[in-house]
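To start, the structure under review is shown below, and the notes come after it.
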């Protein structure tokens, strides 16, 4: 007699996901546990911290900056940067996310496409201790930090998973930390996996949206706003004493989003860019050539609903039919990439001599194909920030006072929906305290920051 194996229920799978994910807390995450294909040739997998993709060059710093819509000459122009405060090209601090972003998706169900939970990037909180110069290489560590269960916005339940990721240069100096947050939403219509069965595509879309179209008058208006908002302070020093609570930063307007703007999870192009994020570039090539058994993680590739050819998880963003697998009515951007964009608005305002100490963003809803992004910011706090370090490897000793401002950031689309909300702390030169002293003194292993501390405003 043959006994058929009964598929577990939706409730049983969600419960299994909950308990297996909790068992991972406090442990180092390997590549497959943060949602990447299992390809290791460019990573040192001997043990944490893991070595990342290589050495930053002027070319890939420039490519990365352009991917997050930032053409600041400190990042893109050799001659300008050589004569700037650091004597060389530097990278936006958010480039650390290309090394080892904190994107833990919880436990993975072996041999399947995963558990019946939709995953979305919910936000990132980053802190930086120094600028990142050309020629830097990275080592990274990512630890499962928190699992928070709470009611969902539309009823039901959701899980917030946070990751504590640290980044060192190849000398062992700590450059920054990232607290990434992924939202996991159980959805019964997914069946027994993480993607919606083909026969149920189009059911229960998360948002009812159509592609916006723009009249000639509206296009002219958007271009005018883009030009007015493109104000860069550059070498003109902004002193802390000249900033006031209530000051508004120039609005920063980005044109309608398209698939060509999609830069992959770390802000670098999956298919075209020189800065790679977790081997999505190689993983995409393997999947597209049907070589599923040649290194790509089992369950990472899906079957395209029309062509029936293997398709990668990353393509859920740029392909309308694959987007439906995630309950989205249109192609949509990557939340991690969008979360890096506000640093351009901030760096334009603070000038070459300011330093972004902290940057926190919460992704509120997708940016769909054809959406305009209007980024606004306001100074909400001024304070003196005392930083204390220690001796030892990875630490910076000393005690310095920094002159800081807290800023709130928001992005809306062309119909007024909030895409993103966030906050940041900027260190500025002071007439009484002098220029910003880098690196910032810090401990070798700064303690983890809980989600409840940074997600409402990190000052």
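Please state which one of 209, 232 is assigned to a loop (DSSP other than H, G, I, E, B) and touching a helix residue (DSSP H, G or I) at 6+ places or on another chain (Cβ under 6 Å). Walk me through it before giving the result.
Details: 209 fails: touching a helix residue (DSSP H, G or I) at 6+ places or on another chain (Cβ under 6 Å).
Selected residue: 232, the only one of 209, 232 that is assigned to a loop (DSSP other than H, G, I, E, B) and touching a helix residue (DSSP H, G or I) at 6+ places or on another chain (Cβ under 6 Å).
Residue 305 satisfies every condition listed in (1) surrounded by 15 or more Cβ atoms within 10 Å (Cβ to Cβ); (2) over 25 Å from the mean Cα position of the chain (by Cα); (3) modelled with pLDDT of 80 or more except (3).
Considering segment 57-73 alone, what residues qualify as being outside any loop (DSSP other than H, G, I, E, B) and either out of contact with any strand residue (DSSP E or B) (no Cβ under 6 Å at 6 or more places or on another chain) or surrounded by fewer than 18 Cβ atoms within 10 Å (Cβ to Cβ) (or both)? Listed by number, the residues that qualify are 58, 59, 60, 62, 63, 64, 65, 66, 67, 73. The set of residues in segment 91-103 being under 24 Å from residue 27 (Cα atoms) and either without any contact (Cβ under 8 Å) to a residue 24 or more places away in the chain or not in a helix (DSSP H, G or I) (or both) consists of 101, 102, 103.
Scanning segment 372-385 turns up at least one residue that is over 30 Å from residue 241 (Cβ atoms) and not in a strand (DSSP E or B).
For segment 34-56, the criterion of being surrounded by 16 or more Cβ atoms within 10 Å (Cβ to Cβ), within 19 Å of residue 146 (Cβ to Cβ), modelled with pLDDT of 80 or more and under 21 Å from the mean Cα position of the chain (by Cα) is met by none of the residues. Tallying residues that are under 16 Å from residue 22 (Cα atoms), within 16 Å of the chain's Cα centre (by Cα) and buried (at least 21 other Cβ atoms within 10 Å of the Cβ) within segment 143-182 yields 6. Of all residues in segment 144-177, those satisfying the criterion of being more than 20 Å from residue 440 (Cβ to Cβ) and at pLDDT 90 or above are 144, 145, 146, 147, 148, 149, 158, 159, 160, 161, 162, 163. Being assigned to a loop (DSSP other than H, G, I, E, B), more than 18 Å from the chain's Cα centre (by Cα) and closer than 22 Å to residue 324 by Cβ is the filter here; which residues of segment 104-135 pass it? Once the filter is applied, which keeps residues that are assigned to a loop (DSSP other than H, G, I, E, B), more than 18 Å from the chain's Cα centre (by Cα) and closer than 22 Å to residue 324 by Cβ, segment 104-135 yields 109, 112, 113, 114, 115, 116. Only residues that are surrounded by fewer than 16 Cβ atoms within 10 Å (Cβ to Cβ) and either without any contact (Cβ under 8 Å) to a residue 24 or more places away in the chain or closer than 18 Å to residue 339 by Cβ (or both) were counted across segment 78-90, and they come to 5.
From 401, 453, grab the single residue that is farther than 19 Å from residue 350 by Cα and surrounded by fewer than 18 Cβ atoms within 10 Å (Cβ to Cβ). Working first, answer last.
Values: 401 fails: farther than 19 Å from residue 350 by Cα.
Among 401, 453, only 453 is farther than 19 Å from residue 350 by Cα and surrounded by fewer than 18 Cβ atoms within 10 Å (Cβ to Cβ).
Here is a yes/no grid of residues against (1) at pLDDT 75 or above; (2) crowded, with 18+ Cβ neighbours inside 10 Å; (3) touching a helix residue (DSSP H, G or I) at 6+ places or on another chain (Cβ under 6 Å); (4) closer than 27 Å to residue 419 by Cα:
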position	(1), (2), (3), (4)
237	yes, no, no, no
250	yes, no, yes, yes
258	yes, no, no, yes
268	no, yes, yes, yes
290	no, no, no, no
293	no, no, no, no
296	no, yes, yes, no
301	no, yes, yes, no
320	yes, no, no, yes
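Filtering 388, 415 for residues that are at pLDDT 95 or above, farther than 15 Å from residue 350 by Cα and surrounded by fewer than 14 Cβ atoms within 10 Å (Cβ to Cβ) leaves a single hit, 388.
The values are calculated or read from the model by the stated rules, or taken from the named source; none is laboratory data. No experiment lies behind these values; they were computed from the predicted model shown. Ideal geometry is used to build each Cβ from the backbone, glycine not excepted, and the neighbour counts take in all protein chains shown.
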